[in-house]
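Working notes, structure below.
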Amino acid sequence: MKYRWLILALIVVAIALPWCFYDWTHHRQAGFLISMLSQMGMMVILALSYNMLLGQAGLFSLCHATFFGMGGYATIHFLNGAGDGTLPVPMELMPLLAGLSGLGVAILFGSMATKQRATAFAMITLGIGELMATSALMFHHFFGGEGGVTTNRMIDNSLFGLSYASGLQVYYLILAWTVIAAALMYFLTLTPLGRMANATRDNFERAQFIGYDPRMVRFMQFALSGFFAGIGGGLYAITYEIVTYDALASSLSANALLMAYIGGTTVFGGPILGAILITLLQSGVSLLSNSWLVYVGVMFISMVIFAPTGLAGIIKTHGPIRQAGRLRLLVVPYLRLTIPSLGVLLGFVGLVELMSFLTIGAAQGKKLVLFGGPVDVHAALPWAISGICLLVGGVWLRFEAAGFHRVWESLSAEVRR
Amino acid sequence: MTALSLRDVRKSFGPTEIIRGITLDIAAGERHCIIGPNGAGKTTCFNLISGRFPITSGEILLNGERIDTLPPHKINRKGLSRSFQITSIFHRMSVFENLRCALLWSRGYRYSFWSPLWRQKGLNEAAEALLEELNLASRRDVLAGLLSYAEQRALEIGMTIAGGASVVLLDEPTAGMSNTETDYAMTLIRRVTEGKTLLMVEHDMKVVFDLADAITVMVYGQVIASGPPAAVRANRAVQEAYLGALEG
Ligand SMILES: Nc1ncnc2c1ncn2[C@@H]1O[C@H](COP(=O)(O)OP(=O)(O)OP(=O)(O)O)[C@@H](O)[C@H]1O
Ligand SMILES: [Mg+2]
């Protein structure tokens with residue numbers, strides 16, 4: 001394990017972070033931070049389990065939220081059962097039951113979807129996702145209709161005598177399960193099934209001629225990924241004590257895809273990075289701006305075009321240069337990229353915000369505040385400044401990018417030798 | 001003992017019949033070469049035997065057992081393995097991983113998601129030994145897609161024989177190799193197929209007459225001659241249709 005220290009550091013930070021922002025004068029936890037970290041944990045599981053399909057098996061699934069959501073719905077019912085004493089399962093093991101629920105649903109749907117390949121597979125999963133989202137609104141007994149189903153997580157049954165009354169206790173439960181799930185998913189990549197999933201991704205046909213039924217490999221990978229997604233959903237149910245149709249809607253499936261892709265599908269830890277980043281944007285930027293989804297969307301498109309290996313992939317390509325001790329030589333080229341990039345960013349954000357305030361903002365009666373000062377959206381100046389920033393920054397960035405490319409190429413050629 | 005036998009095998013793609021009734025017996029332990037001009041249907045024949053395409057009519061038997069209705073992976077599990085004329089490997093995995101994957105099924109790992117590969121001593125040693133044998137040890141951790149052409153061909157052969165199949169089908173294993181590379185590949189093939197049944201498509205006549213115990217000549221979807229090398233070389237029809245043109 002090359003990244004042992006990084007992983008350890010990440011876990012320590014995750015444990016310590018709530019205490020760094022603890023309000024010692026009022027003895028209060030930082031509620032916002034804890035709910036954001038909790039959300040991150042669930043999203044890390046969702047993104048990692050999605051990458052078992054996309055990155056590791058080359059399966060483009062569009063219904064991953066189905067297994068997350070089903071894990072969530074099932075957990076609400078389990079918790080209700082535990083609450084009235086019919087299901088004597090301690091809180092700490094609830095996510096396991098949620099995972100098994102996800103597994104069951106994934107076995108059912110996986111047996112249909114994994115018989116098909118490529119586009120047909122994607123189509124079927126799209127259908128499954130829509131089917132389940134509609135079912136969630138139709139079948140009230142299990143799904144509770146539009147209002148969803150609710151529970152009370154204080155089931156008074158814990159291996160460690162915890163009540164889970166506070167968000168902090170729930171967060172640590174989430175953290176523990178995130179670490180367990182991530183470790184198990186990593187372990188899977190080192191087993192015969194995990195390796196054959198890679199093999200069928202690379203060359204579906206060849207796998208058959210070394211004795212494997214590639215459909216079976218995909219089916220099992222699909223089912224197991226549903227198991228982990230279910231765990232994520234279970235943690236969701238425990239945290240919010242309510243699960244509605246949102247937990248299995250296609251927008252969450254799309255989110256899983258975004259997180260895995262932006263983080264990087266070719267590296268195991270990539271989706272972790274993506275999940276943390278997207279959750280940060282979701283909780284941080286969404287407070288500042290209505291348009292945060294626009295930014296995520298643009299970021300996704302830029303990644304697809306310019307960096308299809310995602311953030312982790314970008315970091316990984318620096319490996320050989322770092323090993324050769326040449327990383328220093330990239331500092332100046334990177335700085336030169338930063339300045340025009342900031343220009344483009346400012347210009348783009350400016351235009352998007354101006355536009356959004358002209359329409360939605362006006363309807364809500366809000367005032368635009370950009371970079372610390374109020375801005376009049378009807379004046380010409382802010383529009384002109386943003387436009388010029390974007391334009392000049394764009395042209396300049398193209399120029400600098402070409403220069404960076406030259407430096408990069410000569411460096412990597414040198415390192416290869 | 002007949003290891004592999006084809007009984008009046010036919011294959012049509014749409015209205016055109018590409019394999020027009022092939023009957024062929026390959027004895028166990030024999031090194032059998034198939035030669036024939038481009039487009040004769042040699043590769044198609046391999047595709048039918050290995051289950052890649054269903055046959056239109058006829059029968060194919062492996063050790064006396066019908067295999068023509070089985071999917072490729074089941075045929076492979078019965079001990080028949082093939083290579084591809086156009087290299088077919090797992091290009092985003094390392095050379096070592098490619099070979100290890102090719103070993104998995106025959107060593108009984110099936111779809112295991114509970115046995116960590118790093119702990120499988122016998123399996124890993126076998127993969128390393130194969131790597132050595134293929135002369136690819138120095139390329140162990142390189143992605144297969146980044147290998148040179150000749151190295152990829154060697155890997156292709158390695159993956160085909162890894163599972164220890166008793167019947168091995170090689171489709172132009174040396175095509176596109178230099179003379180030295182061909183010599184090396186042939187020594188390798190000779191060694192790794194010791195005691196096995198080998199069916200090989202090959203264009204290089206020197207290689208064919210060096211290696212083969214028996215030769216089958218295919219032209220336009222049919223067998224025009226089959227037998228020991230000397231008999232085939234002397235065959236008038238073969239000389240007219242094929243060998244004459246090649247040897248001048
Ligand atoms: N899947 C297919 N669909 C339609 N026609 C095919 C298919 N596969 C092969 N053929 C045709 O069958 C004929 C025989 O092809 P095949 O590849 O078996 O020849 P070959 O003897 O291996 O030739 P070569 O020496 O060039 O490899 C060719 O005319 C080819 O166009
Ligand atoms: Mg051919």
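The values are calculated or read from the model by the stated rules, or taken from the named source; none is laboratory data. Quantities reported herein were computed from a predicted structural model and do not represent experimental measurements. Every residue, glycine as well, gets a Cβ built from its backbone with ideal geometry; the counts of neighbours run over all protein chains shown.
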Counting only residues that are within 12 Å of ligand 1 (Cβ to nearest atom) and outside any loop (DSSP other than H, G, I, E, B), how many does segment B:9-33 have?
9
Cβ-Cβ under 6 Å pairs, at least 6 apart or on other chains, segment B:54-77 side more than 14 Å from chain A (Cβ to nearest Cβ) and under 17 Å from B:LEU24 (Cα atoms), far side polar (S, T, N, Q) and buried (at least 17 other Cβ atoms within 10 Å of the Cβ)
B:LEU61/B:SER5
Kindly indicate whether B:SER138 is exposed (fewer than 15 other Cβ atoms within 10 Å of the Cβ), within 27 Å of A:ARG416 (Cα to Cα) and at pLDDT below 95.
no
Go through segment B:12-23 and report how many residues are touching a residue at least 40 places away in the same chain (Cβ under 8 Å) and either more than 14 Å from ligand 2 (Cβ to nearest atom) or under 16 Å from B:LEU169 (Cα atoms) (or both).
6
Pick out the one residue from A:TYR164, A:TYR186, A:TYR171 that is of a type in the set (Phe, Trp, Tyr) and within 14 Å of another protein chain (Cβ to nearest Cβ).
A:TYR186
Where residues in segment B:57-69 are surrounded by fewer than 21 Cβ atoms within 10 Å (Cβ to Cβ) and not in a loop (DSSP other than H, G, I, E, B), which of them is nearest to ligand 2 (Cβ to nearest atom)?
B:GLY58
Which of the helices (runs of 4 or more DSSP H) contained wholly in segment A:252-354 include at least 1 residues that are within 15 Å of the chain's Cα centre (by Cα) and not hydrophobic (A, V, I, L, M, F, W, C)?
A:270-280, A:292-306, A:310-317
Here are some residues: B:THR216, B:THR197, B:THR193. Which one is out of contact with any Lys or Arg (no Cβ under 9 Å at 6 or more places or on another chain) and not hydrophobic (A, V, I, L, M, F, W, C)?
B:THR216
Collect the residues in segment A:216-246 that are surrounded by fewer than 24 Cβ atoms within 10 Å (Cβ to Cβ) and within 25 Å of A:LEU137 (Cβ to Cβ), keeping them in residue-number order.
A:THR239, A:TYR240, A:GLU241, A:ILE242, A:THR244, A:TYR245, A:ASP246
Taking the criterion of being in contact with a strand residue (DSSP E or B) (Cβ under 8 Å, 6 or more places away or on another chain), more than 16 Å from ligand 2 (Cβ to nearest atom), more than 25 Å from B:MET159 (Cα to Cα) and free of Cβ contacts under 8 Å to residues at least 40 places away in the same chain, would at least one residue in segment B:24-43 satisfy it?
yes
Segment B:37-56 - residue that is in a loop (DSSP other than H, G, I, E, B) and more than 6 Å from ligand 1 (Cβ to nearest atom) and, of those, nearest to B:VAL223 (Cα to Cα):
B:PRO37
Heads up, the strands (runs of 3 or more DSSP E) in segment B:157-227 (entirely inside) with at least 2 residues that are within 14 Å of chain A (Cβ to nearest Cβ) and away from ligand 2 (no atom under 16 Å from the Cβ) are B:167-171
Starting from residues that are aromatic (Phe, Trp, Tyr) and surrounded by 23 or more Cβ atoms within 10 Å (Cβ to Cβ), keep the ones in segment B:80-101 and report whichever is nearest to ligand 2 (Cβ to nearest atom).
B:PHE84
Top-ranked residue in segment A:195-211 [being more than 7 Å from chain B (Cβ to nearest Cβ) and in contact (Cβ under 8 Å) with a residue 40 or more places away in the chain; ranked as nearest to B:PHE53 (Cα to Cα)]:
A:PHE204
Among the candidates A:VAL179, A:VAL217, A:VAL267, single out the residue that is in contact with a helix residue (DSSP H, G or I) (Cβ under 8 Å, 6 or more places away or on another chain) and more than 14 Å from every other protein chain (Cβ to nearest Cβ).
A:VAL179
Residue that is over 20 Å from the mean Cα position of the chain (by Cα) and at negative phi, where the choices are B:GLY163, B:GLY122
B:GLY122
Being touching a Leu at 6+ places or on another chain (Cβ under 9 Å), free of Cβ contacts under 8 Å to residues at least 40 places away in the same chain and within 14 Å of chain A (Cβ to nearest Cβ): is that true of B:ASN98 here?
no
Residue by residue through segment B:157-187, note down the ones that are crowded, with 23+ Cβ neighbours inside 10 Å and within 16 Å of ligand 1 (Cβ to nearest atom).
B:LEU169, B:LEU170, B:ASP171, B:PRO173, B:THR174
